[in-house]
1. What residue, of GLY240, GLY208, GLY235, GLY249, is in contact (Cβ under 8 Å) with a residue 60 or more places away in the chain, surrounded by fewer than 24 Cβ atoms within 10 Å (Cβ to Cβ) and small (Gly, Ala, Ser)?
2. Between a first residue in the range 47-59 that is in a helix (DSSP H, G or I) and basic (Lys, Arg) and a second residue that is surrounded by 22 or more Cβ atoms within 10 Å (Cβ to Cβ) and modelled with pLDDT of 90 or more, which pairs have beta carbons less than 7 Å apart while being 6 or more apart in sequence or on different chains?
3. Filtering the range 8-44 down to residues that are under 29 Å from SER230 (Cβ atoms) and modelled with pLDDT of 85 or more, which residue is surrounded by the most Cβ atoms within 10 Å (Cβ to Cβ)?
Amino acid sequence: MSGRTDIYVPALDAAAARRWAVGIACGLLAGALWGLVFVAPRMLPGVPSVDLTAGRFVSYGAMAALVMLLGLRTRRLPNGREALAALGLSVLGFTGYYLLLVLAVRDAGTEMPALIIGTIPVWVMLMGKPQGLRWAALLPGLVLTVAGLALMAGGRSGAPSVDGAHWGRGIALSVAALACWTAFAVLNAAWLRRNPQVSATDWANWLGVATGVGGLLLWSVAGSAPAQLSALLQGPLGVGFVVLALALGIGSSWLATILWNIASQRLSASLCGQLIVSETLFALVYSFLWDGQWPTLAQAAAALLFTLGILASIKAHR
């Protein structure tokens, strides 16, 4: 496990404290950008799931390739081992994960997939605890997070237009997405710690190019036929599809990955895992805004528990 090599330091000097604070801020900002992906499939329900996924990741790959091209004089290209690692992690954390999530949201709505994905912090925290940090110190954050998830699940409004078979399939897809991203979070953090010579931006770009290739392969195998895609782009949904794909590719993928890599380099895997709760919080906020409704009392209380869980974990890791 990646966290087994960490040494927990209870007191930080000024420089380390600044580095730690930057890591916290970057992790939270990444969560805010990732939260958009839960609402995006609902913005254009007429767009096929595979096309939306491929569009997002081709945009990410194009942005990463452009940045790499502009910086060739100052940045190096990955070697074979690094390229292979980027390709494998890109499937776990991007193309495979997001396709599963898009399909889950289409089948089960936004709330339950967001809540299932919201348990990632629990698994990552358990798998990435630094040496020297007592389990008792992590317990308050874990309890608050699990309590928030239980409260939200108990008070969910559900998806009345979805039949039972689709709902169950959506939950299963959400669990599969959870497994993919949990593995990505742990393995990605471990890779960055083993390779400190690779900057957060370089690694995000390498992942992006690999993800873009994966997006093209995904579209060629399971996406719409060229004629259908051309008709989609020329139709009333065309502009919205392009704008959404660019927003998700550049914002929720390229920029969010840079921010997350910075957090992963500065924080333990367990604290990074807890910060992923912010993705769930923002996803719920965006969902309520999109639906034009206020959260119920149970949902508001759950959001408060999530927030307290993040604060408790930050305090424990100090």
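The values are calculated or read from the model by the stated rules, or taken from the named source; none is laboratory data. Small disclaimer: the values here were computed from a predicted structure and weren't measured. Every residue, glycine among them, receives a Cβ derived from its backbone with ideal geometry; neighbour counts consider all protein chains shown.
1. On inspection, the qualifying residue turns out to be GLY240.
2. Note: pairs meeting the criteria are ARG56/ALA245; ARG56/LEU248; ARG56/GLY249; ARG56/SER253.
3. My answer is VAL37.
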